[in-house]
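Only one structure is covered here, and it is reproduced in the block below.
The values are calculated or read from the model by the stated rules, or taken from the named source; none is laboratory data. Because the structure is a prediction, the values reported are computed rather than measured. Cβ atoms come from the backbone with ideal geometry, glycine included; neighbour counts cover every protein chain shown.
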């Protein structure tokens, strides 16, 4: 009984820490993006709320929470209210299998630095990633708006298409690590990161992750110059905020997965393992922000053609080549 209670307490502490850090980073990634894009576009960005605008995320949160929550008369009220939660919750749940460091010994007990290590962690990640499609599609459909519906359809088609290349790009990683567990995949990179041997898989995974996150140049589900605001154009208040949180948590999720699968995870010299993982997540997220300020949006036909005719064939060829090298 005592062991069970201790395990539940430890799980609760882990969940609270991970949730708090994720939401804090999501809030300040928004601030970093606005400041970074401001500098790229020769303007200041947030600079009123607190020194350097550091209190801007808090001001934005208060605004979102206190803003009127409007549900269109013709919308499906249940699905309209559930869709933002699906996007945010699936993004947060993916971190349950991300390892933050090697196991530590505390009070004579070995505590793994992961919420839960399951032997099919990679499949768990893809299952939740696939469920995120429903939030975008339902949000567009339930709004009963033509522009929102177009955004939802685009989002579903885009996320399903790039999910294929995302999954195929990781087959060589599984072949090299011989495991679906994210903990085992990081352990297999103790001597060298997989990016050294799998640069093609890294590039395919990164591009597919940007598309899955609906970031520029792949933000066709929102495309403000075509669809107003796309799949979430009828949302206001904290429901819009949940879509927003979901996007920035997705950036952190895919940053963590890139680090785990290709960059050695928490491995690194001198600094504590958790700090190394956080540095890699932040650097990848900032690179995504840099892409937003640099690249133009693709046309929708270019987006789909690139996914089906370039990334998927390249991922399949990479699997065959990797298999041949392993056999040799």
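Taking only the stretch 118-133 into account, find how many residues are touching a helix residue (DSSP H, G or I) at 6+ places or on another chain (Cβ under 7 Å) and not in a helix (DSSP H, G or I). The number of residues fulfilling the criteria is 1.
Residues are listed down the side, and each one gets a yes or a no for (1) at pLDDT 85 or above; (2) surrounded by 16 or more Cβ atoms within 10 Å (Cβ to Cβ); (3) out of contact with any helix residue (DSSP H, G or I) (no Cβ under 9 Å at 6 or more places or on another chain); (4) in a helix (DSSP H, G or I):
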| residue | (1), (2), (3), (4) |
| --- | --- |
| 276 | yes, yes, no, yes |
| 281 | yes, yes, no, yes |
| 284 | yes, yes, no, yes |
| 287 | yes, no, no, yes |
| 297 | no, yes, no, no |
| 302 | yes, no, yes, yes |
| 305 | yes, no, yes, yes |
| 311 | yes, yes, no, yes |
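For residues that are surrounded by fewer than 19 Cβ atoms within 10 Å (Cβ to Cβ) and either at pLDDT 85 or above or in a helix (DSSP H, G or I) (or both), tally how many sit in the stretch 139-148. Going through the stretch 139-148 one residue at a time, the tally reaches 2. Scanning the stretch 97-108 for residues that are touching a residue at least 60 places away in the same chain (Cβ under 8 Å) and either in a helix (DSSP H, G or I) or farther than 27 Å from residue 129 by Cβ (or both) returns a single hit, 97. Take the conditions (1) in a helix (DSSP H, G or I); (2) touching a residue at least 40 places away in the same chain (Cβ under 8 Å); (3) under 18 Å from residue 88 (Cβ atoms); residue 115 misses just one of them, which is (1).
Scanning the stretch 224-243 for residues that are over 18 Å from the mean Cα position of the chain (by Cα), at pLDDT 80 or above and not in a loop (DSSP other than H, G, I, E, B) yields a total of 3.
Given the options 104, 120, 97, name the one that is in contact with a strand residue (DSSP E or B) (Cβ under 7 Å, 6 or more places away or on another chain) and either surrounded by fewer than 16 Cβ atoms within 10 Å (Cβ to Cβ) or under 30 Å from residue 159 (Cα atoms) (or both). None of the others qualify; the one that does is 104.
This table checks each residue for (1) in contact with a helix residue (DSSP H, G or I) (Cβ under 8 Å, 6 or more places away or on another chain); (2) at pLDDT 85 or above.
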{"residue": "3", "(1), (2)": "no, no"}
{"residue": "12", "(1), (2)": "no, no"}
{"residue": "19", "(1), (2)": "yes, no"}
{"residue": "30", "(1), (2)": "yes, yes"}
{"residue": "36", "(1), (2)": "yes, yes"}
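Do the conditions hold for residue 136, that is, is it part of a helix (DSSP H, G or I), more than 30 Å from residue 235 (Cα to Cα), touching a residue at least 40 places away in the same chain (Cβ under 8 Å) and touching a helix residue (DSSP H, G or I) at 6+ places or on another chain (Cβ under 7 Å)? It is false that residue 136 is part of a helix (DSSP H, G or I), more than 30 Å from residue 235 (Cα to Cα), touching a residue at least 40 places away in the same chain (Cβ under 8 Å) and touching a helix residue (DSSP H, G or I) at 6+ places or on another chain (Cβ under 7 Å).
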